[in-house]
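First the structure, in the form of structure tokens, and then the observations on it.
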Amino acid sequence: MIGIDPGTSSWDIFGYDTNNNEVFADKSIPSAQIIDNPERIIVEISKFEPFDFLAAPSGFGIPIKKVQDLTPEDIFEITLRKKSSKKVMGLQNLLYKMQKKSWNALILPGIKHLPTIPAYRKINKIDMGTADKLCTVVVGIKDIMLRNQIKCSEVNAIFVELGSAFNSIMAIEKGKIIDSIGGSNLFGFRAGGALDGELAYLLNIVTKETIQKGGVLSVVNDPKFTMEHLLRESKTKFITRKALNAYIEDIVKHVHAIRSIFSPENPPTYILLSGKLAAEPYLQDILERKLFMLAPLRIMKNNAKNAKRAAQGAAYIAEGLNDGPSKEVVKNLLIDKATGHVWDNIFYDLEIEKN
């Protein structure tokens, strides 16, 4: 089984043999290389042929579908990139190339497609978490199950992903996703988060590039800034301290908000951190101090040396859908029951310029 995570900073590949639980693929490739040459992923995956199943990079996702059966409308929904966009996505190119292969490759749903989230929580929301966030949830659920020797239906937790560009927060009750805040709605390292309505009006035109601006890197006005720079310089520079305070406080406020929807009998027993920036000890420490009253905080287990958790989770979903060891988790999440479109429950007039 192979899973792919098309991340902002890297594309990751994770593959393992369910017969002996042996990892045979564990690779991370800078995203810039994939954008310039989508064929690179095809070449890398071909090295592992023959394989049983592949969870293909799925972007915003659609209900489970074979890559070979994708229509141009499906690919638009997966990428949400208009024809008029200046750039052609590496993901879009890759999916067209994958259609020419004979691989048993599946597109996975995004979090909004899941029936475990009530429809009223989906009103006027598109980004409730891309397919890779669903994959990360699978890794986190398996982690808690193993550590506590419990069934997936007993897992109650808040998962917080701190990515290189976007953050996201997911609520898991009884092993099901009951709500989620997608990356474009949170103040992240690159992303500015949900746009104030009047700000959106003044911007006039919002593009994909707009969505990836406004965060920490925009505040410090340095595209090469790293989390290490942020933490170090926040002690002496006002603008850097302002960016760090905004970053941390936005996470804390939204974790408290999503905690409020849990039922009284199933409170979260953990807050699990994942993502590229979650490994920073200072962030772990300050978030633990600010969130300890909600639940203990710790880092989500990582079963790979190079590939991110989302790639691992993609492989677990692929084998779970095919009666593998992760079947219980995947079935409980109702991934195979995903339905609809990301623009369902939107009460605005959309001009969807499909590919």
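The values are calculated or read from the model by the stated rules, or taken from the named source; none is laboratory data. What you are looking at is a predicted structure, and each value in this text was computed from that prediction instead of being measured. Heads up, the Cβs are rebuilt from the backbone with ideal geometry, glycines too, and the neighbour counts pull from every protein chain shown. Side chains included, ligands, DNA and RNA excluded: accessible areas come from the protein's heavy atoms. Shrake-Rupley method; radii C 1.70, N 1.55, O 1.52, S 1.80 Å.
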Top mean-square fluctuation among 117, 158, 177, Gaussian network model of the chain, C-alpha springs under 10 Å?
117
Which residues qualify? For residue 302, with a placed amide H closer than 5 Å and at least 5 residues away or on another chain, they are none
Amide H partners (placed H, <5 Å) of residue 297, local residues excluded:
271
In whole angstrom, largest first, the equivalent ellipsoid semi-axes that the Cα gyration tensor gives for region 180-339 are 31, 21, 18
Beyond 30 Å (Cα-Cα) in this structure, taken from 100/151; 65/176; 112/237; 253/337, we find 100/151; 112/237; 253/337
Prolate/oblate/rounded label for region 1-154 (Cα gyration tensor, a/c 1.5):
oblate
Starting from the Cα-Cα distance between residue 334 and residue 119, subtract it from 0.36 nm times their residue separation and give me the gain in nm to one decimal.
75.9 nm
Label 7 Å along Cα→Cβ of residue 305; region 7-42 residues with amide nitrogen under 16 Å?
13-16, 22-29
Highest mean first, what order results for 317-326, 56-65, 191-200 on Cβ atoms within 10 Å?
56-65, 317-326, 191-200
For region 271-284, what does the Karplus curve 6.51 cos²θ - 1.76 cosθ + 1.60, with θ = phi - 60°, yield as ³J(HN,Hα) per residue in whole Hz, taken in order and with x for Gly and Pro?
10, 9, 9, 9, x, 4, 8, 5, 6, 6, x, 4, 5, 4
Which of the peptides 19-30, 294-305 is most tightly packed, and how do the rest follow, going by the mean number of other Cβ atoms within 10 Å of each residue?
294-305, 19-30
Give me the Kirkwood hydrodynamic radius of region 234-328, using the inverse of the mean 1/r over all pairs of distinct Cα atoms, in Å to one decimal.
15.8
In region 26-71, what percent of the accessible surface is made up of carbon and sulfur (1.4 Å probe, ligands and nucleic acids excluded)?
52
Rounded to whole Hz, the Karplus (6.51, -1.76, 1.60) HN-Hα couplings of region 32-49, x for glycine and proline:
4, 5, 6, 4, 6, 8, x, 4, 4, 5, 4, 5, 5, 5, 4, 5, 9, 5
Only Lys, Arg, Asp and Glu count, each charged at its Cβ (+1, +1, -1, -1), so figure out the dipole size of region 164-233 about its Cα centre, rounded to 20 debye.
240
May I ask for the Rg/Rh ratio of region 131-220, computed from Cα atoms with Rh as the Kirkwood radius, given to two decimals?
1.12
Report the calculated FRET efficiency for residue 236 and residue 32 (r = Cβ-Cβ distance, R0 = 51 Å), to the nearest 0.05.
0.95
Residue-normalised accessible area of the chain, expressed per residue, 1.4 Å probe, Å²
47
Using 7 Å Cα-to-Cβ label points, what is the residue 150/residue 104 separation (nm, one decimal)?
3.4
Rounded to two decimal places and with Rh computed the Kirkwood way over Cα pairs, what is Rg over Rh for the chain?
0.94
So the pair-distance distribution of region 1-78, from every Cα-Cα distance in 10 Å bins, comes to percents of 16, 46, 34, 4
